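Every number in this text was worked out from the coordinates using simple rules, so none of it is lab data. For clarity, every value in this text was computed on a predicted model and none was experimentally measured. Neighbour counts are summed over all protein chains in view; Cβ atoms, including those assigned to glycine, are modelled from backbone coordinates with ideal geometry.
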Amino acid sequence: MPNPTREELIDALLDHMLYLRIAHHVEGRIRIKASWNGAKKLNQTREGDIETIIAAIPGIKDYRINKQALSVVITYDPRVFPHVLWEEVAALGQYPARRQAVRERLLEALAGWTPIFKAGSDSGAEVADQHRTRPKESPVQ
């Protein structure tokens, strides 16, 4: 998924959320977990693609993928990506008919945002995003 558009990233996020559910969520931090069947489906996706999607979403400060637990913990800025919107995105597994409405809300909430990828990033996992409040990896000083 080299240099996807904003719409492609949102569509990919929504596609993957069909196989995930919220395990725990407090404002600013969410843990998303895959079921065994979801893990089988997601296993067909390249890991770099999942990282590209997560890293490119504005407001995400940090994330950690735990393959053994089939989960992802995301720390985010609720002013950029509101708590209630995460809840709507995560509910798509139970209510897939709401996908278009949720997609439109995401596009509206993230209007004006364009993912900017670092030059030479093959997987796209390295994202230079003007909305990110803290880089994924901080240099040691």
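Points to keep in mind about this one:
- Residues whose amide H lies under 5 Å from that of Arg29, counting only those 5 or more places away or on a different chain, are Tyr76; hydrogens are built 1.01 Å from N in the peptide plane.
- Assuming charge only on the beta carbon of Lys and Arg (+1) and of Asp and Glu (-1), the dipole of the range 1-95 about its Cα centre is about 420 debye to the nearest 20.
- Relative contact order, whole percent, for the range 6-109 stands at 33, derived from Cα pairs under 8 Å and 6 or more residues apart.
- Where only C-alpha atoms are counted, convex hull volume of the range 6-109 per residue in Å³: 91
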